[in-house]
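Participant: Structure incoming, see below.
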Amino acid sequence: MVTASNGFKRIHPTIVIGLYCYMVYLLPDIVLGICNAIVRGILGMELELPSDEPYLSTSLLDFWGRRWNLMVTNILQQAVYIPVRSVSESLLGTQKWAPVPAVLAAFTVSCLMHELLFFYVACVAPTWEVMWFFLLQRACLVLEFRLKKFVLSPLAPVALGSLGTIDNRVCHGHSRLVVLPTTCQERRRC
């Protein structure tokens, strides 16, 4: 994680955490968009974009499955979700509950990979807060899926999903469980 600790010392910590959240949210698209323009200019090739306008997500399912970090989503789907769902279908004998362990497995692998990434890139010893963030996302995803099945209004799922996505991703979980561990200097060991 990029730190500008000298300049941020005069800014309130809550504002700094908010800035980190938006940086993590927008930086991959900006950096890879610039790389895409350079590669297109030099080689004439178009690179796959990492995200598909995640700020327009209508739900957590839309955010995680169709808009955020598409390359990792595709890898996790092929390497974890599909095999676990196949095994779950054969063990449970039904397709209704087979996605639940498959989603749990995909988010668990994502948890472990993020902890490893934070360890190597940000020199932050594992605190497992990032893991809790992804497990919280998984629980909210299952809850959202179940709530949408029981809501009768066609507009209610979109309204519920949009508010839930913004509130859950930006305001609560992301700032407390992903960004905050990287800003705590006493946890650094590298």
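Participant: Once you have the Cα-Cα distance between Leu116 and Asp52, take 0.36 nm times their residue separation minus that, and quote the gain in nm to one decimal. Intermediate values should be presented prior to the final figure.
Facilitator: Details: separation 64, 0.36 × 64 = 23.04 nm, distance 2.52 nm.
Here the answer is 20.5 nm.
Participant: Of Arg146, Arg85, how do they rank once you tally other Cβ atoms within 10 Å and put the fewest first? Mind dumping the intermediate values first?
Facilitator: Values: Arg146 9, Arg85 20.
Result, fewest neighbours first: Arg146, Arg85.
Participant: Which shape class, rounded, prolate or oblate, goes with region 1-85 when its Cα gyration tensor gives a ≥ b ≥ c as root eigenvalues, a/c under 1.5 marks rounded, and past that a/b bigger than b/c marks prolate?
Facilitator: In terms of gyration-tensor shape, oblate.
Participant: Could you tell me the relative contact order of region 8-118? Use alpha-carbon pairs under 8 Å, at least six residues apart, and round to a whole percent.
Facilitator: 14 percent
Participant: Also: State the extension gain, in nm to one decimal, for the chain segment bounded by Ile34 and Cys123, taking 0.36 nm per residue of separation less the distance between their alpha-carbons.
Facilitator: 29.4 nm
Participant: Then there's this: For Lys149, give me every one of the aspartates and glutamates with a C-alpha distance below 17 angstrom, ignoring sequence neighbours fewer than eight places off in its own chain.
Facilitator: Asp62
Participant: Once amide H atoms are placed 1.01 Å from N in the peptide plane, what residues at a sequence separation of 5 or more from Val124, or on another chain, have their amide H within under 5 Å of its amide H?
Facilitator: Phe119
Participant: Quick one: Karplus J couplings for region 58-67, per residue in order, coefficients 6.51, -1.76, 1.60, θ = phi - 60°, nearest Hz, x for Gly and Pro?
Facilitator: So the Karplus estimates, Gly and Pro as x, are 9, 6, 5, 4, 5, 4, 6, x, 10, 10 Hz.
Since every read-out is calculated from the coordinates, none of them should be taken as a lab result. Values in this document were obtained by computation on a predicted structure and should not be read as measured data. Methodologically, a virtual Cβ is constructed for each residue, glycine included, from the backbone with ideal geometry; neighbour enumeration extends over all protein chains shown.
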